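The values are calculated or read from the model by the stated rules, or taken from the named source; none is laboratory data. On a predicted model such as this, the values are computed, not experimentally measured, just so you know. Cβ coordinates were reconstructed from backbone atoms using ideal geometry, including for glycine residues, and neighbour counts include every protein chain displayed. Note: accessible area is taken over every heavy atom of the protein model, side chains too, but ligands, DNA and RNA are not part of it. Shrake-Rupley method; radii C 1.70, N 1.55, O 1.52, S 1.80 Å.
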Amino acid sequence: MSFSSFFNSAAAHTVDAAHAVMQLAQRHPRRVLALVGSVLLGTGATAFAVATLVPDPSTVPVRQVVEVVQPAAVNASQATALPTAIAPFVLYRSDTTRSNDSADSLLRRLGVLDAAVAQFIRSDALARQTLLGRAGRGVTAEVDNNNAITKLTTRWTPDDSANYQKLVIQRNGLGQLSSRIEAAPLQVSTRLASGSIKSSLFAATDEARIPDAVAVQLAEIFSGDIDFYRALRKGDRFSVVYESLEADGEPLRAGRVLSADFVNNGKTFSAVWFQEPGLPKGAYYTLDGSSLRKAFLASPLEFSRMTSGFGGRMHPIAKQFRMHTGVDYAAPTGTPIRSVGDGTVEFAGVQRGYGNVVEIMHRDGKSTLYAHMSRMDVRKGQRVSQGDRIGAVGTTGWSTGPHLHFEFRVNGVHHDPMTLASQSESIQLSATSRPAFDRMVGQVRRDLAAAATLSLASAQ
């Protein structure tokens, strides 16, 4: 009998046997279960017996076969298309400088052990002044397959310049290092982002990877309508379109906020940047053309924590319940204080428990007072504009810690500064600028709608 005939016959008998077993299991299930159990009990011995039949690997003969393979012939046209050398391997690594960096610690964070470059940074004046003791500058290293730096670059913008500067440390073909400074204009691109409030504005912008400078601008833009210290609610949301200033395709810093929506406690506030033709500066407006710049700022400090509101309270020193005639802002000593509106300095000096005080007279009988200052930067009779620096936070007079006491008066009568600032009049858009503004608003609405979809997509 041939092997194929034997295999077919065995397969046929196996099928018949399986069919018979199935019929037996249906008629006598208990007997079949007992038979299976006895087979399983003997499995160990059977496995041992089978295992002993496997040949010892050490006794199996080994034979090595060696063949010479000739490469295929290559004609001249094919040879010119082949690379003459393998391109060198380049790995890019990046990090950010810290104020306490040394040359070694910076390279260590970049994952590079290059003693020559470390020594060059310490000894070269350009490299040392640019990289060491400078926090927040992005550094990129190009590393070869020997973990040696071939090129190291850092970029920064001097102040608020429209240009950026770049330090390049480069190794030439002989292994020698050199440094140079390059300069070029920043490229401006537009970015869309959105977020939702869970605890604070800055926590939300961090989660949405929005730069701090944009968060600061959002708080400034809507500070006349939203109290970012007391009025934020969980679930409030915002959308923003802003400029990104880039160098060699990498963002260096955020530019101006171009437009934004902020939904606070169910109410939507909108803003768009617009510069009227013929005016030196632009301003933020609502989408219906009302200016968001009001006669008075909502706060004399930028984003300080409010510690004591307007109204009755327990005096922290006298330990008596007294009327608190202003608002207190806790802030470190030296924090700049700004005038909330245009006016003339009526008083700059010392007033008993208030310590160093500046009082400014505005129009229509309105005045503001700033107390406990560590320094006064204005004098009596001086004209000031909204946002001008007039001094710094301190703890002079009757004070338990550094803070600013801020008062708002109308014809000598104290009013809640937060309420009065939010109700102050707006500066209106001129009629001649209205057509250009309306054309721009159509695109703004589309941009903000697109930005809002980003947070919806990330939430899904």
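So the values come out like this:
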item	result
Sites Leu91 and Thr453 - FRET efficiency at Förster radius 45 Å, r taken between beta-carbons, to 0.05	0.75
Förster radius 22 Å - calculated FRET efficiency between Gln170 and Arg256 (Cβ-Cβ, nearest 0.05)	0.05
The stretch 127-245 - charge dipole about Cα centre, Lys and Arg +1 at Cβ, Asp and Glu -1, debye rounded to 20	380 debye
Solvent exposure, largest accessible area first (probe 1.4 Å, DNA, RNA and ligands not counted), of Arg379, Arg209, Arg233	Arg209, Arg379, Arg233
Cβ-Cβ FRET estimate between Asp342 and Leu113, R0 fixed at 60 Å, reported to 0.05	0.50
Centroid-to-centroid separation of the stretch 215-255 and the stretch 113-170 [C-alpha atoms, Å]	31 Å
Contour excess over end-to-end distance, with Cα ends at Asp206 and Thr268 and 0.36 nm allotted per residue	20.1 nm
Distance (nanometres) between label positions extended 7 Å along Cα→Cβ at Asp160 and Arg446	3.1 nm
Ranked order, Met440, Met418, Met373 - accessible area, probe 1.4 Å, largest first	Met440, Met418, Met373
Residues of type lysines that Lys294 reaches as a straight line, Cα spacing below 21 Å, ignoring anything fewer than 8 places off in the same chain	Lys267, Lys281, Lys366
Ala283-Asn146 pseudo-label distance in nm [points 7 Å out on the Cα-to-Cβ vector]	6.5 nm
Qualifying lysines (Cα of each under 24 Å from Cα of Lys151; at least 8 residues distant if same chain)	Lys166
